Amino acid sequence: MPSKSARRLVRVGIAASILLPLVAFVVLTQLGTRADPPAPPSIVPESSEAEPAPRVRSPGSGASSVTSADAPPSSTGPRQYRVGMQAVYDISLLSETRFELGDEMHQDVPEIHTELRGHWSVTVVGVEEEDVHFAAALGQPQFTMTPAEDRRALNATRRALAGRYYFTADSSGAVRETHFPRDLDPMARSLLKSVVVAFQMTVLDLSDDSWQAVEQTLDGEVEVAYRRLPGTEGGFARRPLRYKWVAGLSGLVPVAEVGAYTVTGSAEFHLDSEGMLIRRIGQESLRIAPDGGLMAVEQNRSARMRLLRRAEAPELARDFKRDLASLVTSTIADVERLEADPGLIDRAWVDGASLATLLAALDAAAEGKKGVSERAAIIPRLAALLRLEPHVAVEVEAAVRADAEADAARTLIAALSSAGTPEAQRALMNLGHDELMPKETRLRAVGLLGLSRSPIPESGGALVEWMEMDDVDLAETAALGLGNHLKRRREHDGSLCEADTADVLQRLIEALEVARTPEERALYLKALGNTGSPRAVPAIIAQLTTQDVSVRAAAIWALRFMPGAEVEAILVEALLADPALAPRQAVVAAAAFRSLVPLGPALNEMARSHPDKMLRLDIVHLLGVSKDRYPPGLTTLAWVAERDPAPDVRQAARNAMRPGTIPDGQLEVGH
């Protein structure tokens, strides 16, 4: 018989409607609350704020919309879609989700199994210059889920699966967005999206033997590789490579902000001469875990689709045009935000527990490493309770004071930070101010206060006060937290907080100006860089004249979030002319957070001519992970793949490239 804690995880999954991505996001962001140190200048982050998360486009926004049987016969892409062409498939989608706590499987948490079967029809209802619109419906739906405690909700999902919905793909087959009836059951919506994901196959050119693409899934955006199956005309194998963006409660976020996403598996697609799917079969495994290894979620899933018949249904094009105004458009990976009941997930985590119950469970957990998983499992429950009942923060603060050196105190502080309410932030401020608290406890409270996602104004004043203390550890922790605080304030309040935070920002600038050692200057540069405020730019630029290489590198890294042509020119000059390697590597690292267009020619020149292999490798890595937002980089990668003197750099460039035609005239090829 599963324990109450095991059943709670199941309820969280069901309430969230999307078992894997949302459970994982809630768990990882709440268990993994910690400082996010800047990436070393020699390492290019895998994702960045410079590349915006995908946005929903309005259907029918492309040029020359076509939604009638009298339209041109097909799309202009590699797959010859015609309005009215219809295919009906026998489908079977299975998934198995399990949870891990600590180093070993938490045996008391049951695996969650789902199975979806039926006859899925998909019809082309519109062809545009760039997009193809499809109508879809699942006939004879059969859905099972175990364990299933809420049978009424499950029956509602089954009934909702049979309705018609729509989705939009580009001419290559990559799905852009879905269009569902406004009041459709959330779990049914997620299940029907999963069918679209199974159907999705991105084809750049049917004559190619291999290529790479970026595709949406319910979990986020994943880079995939395709190759032709030997001895076939229309057979291809698909292999997932890595996730770039992942689904969260408020949309897509860079994978680096959540945890490690490891995906393996393969699928086979067989197409007819028009590029329409005949058969699809495959298995995939996705494992999601925070860096600290506190909790992991793993899902194994398989999908099978077999063509039953082809038909023509041009009349559905008129239905799409008629239904469009009443549909809700979202991306595949757009997690339902539960706007109607924002406390639903929190109530599922709390599961009726009181603070006394949670504190008792925390006291019962073993000290040290043996109790890590037990304490980790309590953090999201405490954080949820603090959001549902903000006044409880006072009692949590008192519990920290009662035994500040115990492992339980660290858990309570993490829960306060994860909750993020004004009351929880004030509790952290009180702990940070209390000189009777152990220093480690104060440092933890100060550091996690600086990471609050919705900071209150008074926390900025507290961080300034700590930054100006004689205690070096507190001062440095507060300085870095202050940079994060100012950035979060600007993100939440926009221009309204510029004047409000000007004095706080000035304190950071003054601290930089009076810093005595290179280490201190680098620290305050990191803090100023974290703010992302244009007002910090002059102070940062002033440090570029120093003879200390580490300070110059830190100053360049601090410019990564700063806008403006002046900043772009400085980065270009540093990449081309700085006499030391570290500042040049810092430029490449900072470029991952910015548009690559201004830096493109300089990156191209350094990739071809700089004598240091490590810098050339950094640039290859940058252009490889940025090839979708900066296609001209493919030209540079192609040159490096053929002509770089180092075999490992040539191989890295080949790995980073997407096979296919290199865009002409987008970067000057050089010599």
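The values are calculated or read from the model by the stated rules, or taken from the named source; none is laboratory data. The structure presented is a predicted model; accordingly, all values stated were derived computationally and were not measured. When we count neighbours, we look across all protein chains shown, and the Cβ atoms used for this are built from the backbone with ideal geometry, even at glycine. What goes into the accessible areas is simple: the full protein's heavy atoms, side chains included, and nothing from ligands, DNA or RNA. Shrake-Rupley method; radii C 1.70, N 1.55, O 1.52, S 1.80 Å.
Entry remark, region 185-199: residues being surrounded by fewer than 23 Cβ atoms within 10 Å (Cβ to Cβ) and either farther than 16 Å from residue 161 by Cβ or free of Cβ contacts under 8 Å to residues at least 60 places away in the same chain (or both) number 1 in total.
Each row is one residue, and each column tells you yes or no for (1) farther than 30 Å from residue 584 by Cα; (2) small (Gly, Ala, Ser); (3) open to solvent by 20 Å² or more (accessible area, probe 1.4 Å).
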{"position": "468", "(1), (2), (3)": "yes, no, yes"}
{"position": "506", "(1), (2), (3)": "no, no, yes"}
{"position": "531", "(1), (2), (3)": "no, no, no"}
{"position": "537", "(1), (2), (3)": "no, no, no"}
{"position": "542", "(1), (2), (3)": "no, yes, yes"}
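The set of residues from region 544-567 being among the aliphatic types (A, V, I, L, M) and either in contact with an Asp or Glu (Cβ under 6 Å, 6 or more places away or on another chain) or assigned to a helix (DSSP H, G or I) (or both) comprises 544, 549, 551, 553, 554, 555, 556, 558, 565, 567.
A Cβ distance below 6 Å, combined with a sequence gap of six or more or placement on separate chains, defines the contacts here; from region 500-517, residues that are at pLDDT below 90 reach residues that are outside any helix (DSSP H, G or I) in the pairs 505/533. In this structure, is residue 569 open to solvent by 20 Å² or more (accessible area, probe 1.4 Å) and not basic (Lys, Arg)? So residue 569 fits the description; yes.
Does region 509-528 contain any residue that is closer than 23 Å to residue 476 by Cα, touching a Pro at 6+ places or on another chain (Cβ under 8 Å) and assigned to a loop (DSSP other than H, G, I, E, B)? Looking through region 509-528, none of the residues is closer than 23 Å to residue 476 by Cα, touching a Pro at 6+ places or on another chain (Cβ under 8 Å) and assigned to a loop (DSSP other than H, G, I, E, B). Scan region 608-626 and report the pairs whose first residue is farther than 11 Å from residue 588 by Cβ and of a type in the set (Lys, Arg) and whose second residue is open to solvent by 20 Å² or more (accessible area, probe 1.4 Å) and assigned to a helix (DSSP H, G or I), with Cβ atoms within less than 8 Å and a gap of 6+ or a chain change. Listed by first residue and then by second, the contacts come to 608/639; 608/643; 613/648. For the residues 489, 521, the requirement of being surrounded by 13 or more Cβ atoms within 10 Å (Cβ to Cβ), in contact with a helix residue (DSSP H, G or I) (Cβ under 7 Å, 6 or more places away or on another chain) and modelled with pLDDT of 90 or more singles out 521.
State whether the residues of region 222-234 include one that is touching a residue at least 60 places away in the same chain (Cβ under 8 Å) and in a loop (DSSP other than H, G, I, E, B). No, region 222-234 has no match at all.
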